[in-house]
Amino acid sequence: MNAVLNHCEENSPYLLANEEAYQDWRSSKLENRGQVTPLRVFTLNAQGLLAESQLAAAQQQVEAYNFVIFEVPSRDFSKHDFVTLNRQFGLHDLDDNLGADADKVTALRVVDEADQRAQYIPYTNRAMNWHTDGYYNPHARRINAFSLYCVNQSARGGGNFLFDHEMMYLLIRDQSPELLEALMRNDLMRIPANVQNNRVIRAEETGPVFALQPITCALNMRFTSRPHNIVWKSDKCSQQALNLVREILMQGEAMIEIRLCAGQGIICNNILHGREAFQDDPQHPARLVYRARYYQAIDFARGLGAQSTV
């Protein structure tokens, strides 16, 4: 692990040397998951926020499943309202990724084939396999949380499947700690540079699947099931570790399926997720989902009004 993470070594449950801390965290994680239902929907108040009386339950939901589902009391919910709600979860620093609008929020919709964004699956109606958001970002811009808000749902399909990255860590550690160690190596995954028209859009990036974030020591996961534009380390241990991740996803032991209705959304700590293919109805508004990516993980203590620290 990097020297900057030395302060995590004594207490982090995510380091293999800290077995006692891991067992305490594991017990708490599973206990929390047994006390709440993952598909609970939190209705926002007239100001487009969670009421104070809901905050404790929302925090427990995040600790258990690393996501919260919300719905707005009316369809009058703008991108500004969306960003303000995310700030209530301690999410302040938006990632300005390719395809994002000027406000750094991305409007996910099917675009015309002539649009340059059409080469990226989120802007099509095709299925998206398991991944975490921004797995190609450099270390200084790791995505630790993202949120979605469904403005218009598709006529058919378009549901999401979710898998808590902390549960993935737990299942792997319980089954094979040595393979978990392989998933934390800094040279495990390499994403080649994105070059278009002889211009480097994104530099090459190499890093681990599981890593700890500086300062917070939170667990971050970077993963994609896509076979293109990614190079995995080819030694036997690394391949076994990756196969274990894929097997766990296929078994679906901790997978959760949702289909957001118009007016609903999800805020999460960059969990593993994917999307079904979908079809729009020409007689109705096309599927439109707002997406916001953040460098921080969810932190209710940081909440509304806190200053950016990144």
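Any read-out appearing in this document is the output of simple, stated calculations on the displayed coordinates, not a laboratory observation. Predicted, not measured: the structure shown is a model, and the values here were computed from it. We place every Cβ from the backbone using ideal geometry, glycine too, and count neighbours over all the protein chains shown.
Per residue, the average separation of C-alpha pairs within less than 8 Å and at least 6 apart gives the stretch 43-171 a relative contact order of 16 percent. When Rg and the Kirkwood Rh are both derived from Cα coordinates, the Rg/Rh ratio for the stretch 82-167 amounts to 0.94. Listed peptides 169-177, 150-158 appear in the order 150-158, 169-177 once ranked by packing, highest mean of other Cβ atoms within 10 Å at the front.
Note: relative contact order over the stretch 3-294, using C-alpha pairs below 8 Å and six or more positions apart, is 29 percent.
Where only DSSP H runs of four or more residues are counted, the chain gives -7500 deg cm²/dmol as its mean residue ellipticity at 222 nm, each run worth -39500 (n - 2.57). Geometric descriptor of the stretch 125-201, per residue, is 163 Å³ (volume of the convex hull of the Cα atoms). The 3J(HN,Hα) values that the Karplus relation (6.51, -1.76, 1.60; θ = phi - 60°) gives for the stretch 184-198 are, in residue order, 9, 7, 6, 10, 6, 10, 10, 10, x, 4, 8, 10, 10, 6, 6 Hz. Gly and Pro appear as x. Average projection, convex hull of the Cα set of the stretch 148-296: 11.2 square nanometres. Applying a 4.7 Å Cβ-Cβ cutoff to the chain, the cysteines left without a disulfide-compatible partner are C150, C237, C261, C268.
Size descriptor for the chain, Kirkwood hydrodynamic radius: 20.2 Å (Cα pairs only, one decimal). Mean-square fluctuations from a GNM of the chain, with a 10 angstrom spring cutoff on Cα atoms, peak among A107, A254, A46 at A46. Can you compute log10 of I(q)/I(0) for the stretch 1-98 with the Debye formula, treating each Cα as one identical point scatterer, at q = 0.17, 0.25 Å⁻¹? Ignoring solvent entirely, the Cα scatterers give -0.92, -1.22. Straight-line reach only, C-alpha to C-alpha below 24 angstrom: list the lysines that K104 could link to, leaving out same-chain residues fewer than 8 apart. Straight-distance partners of K104: K79.
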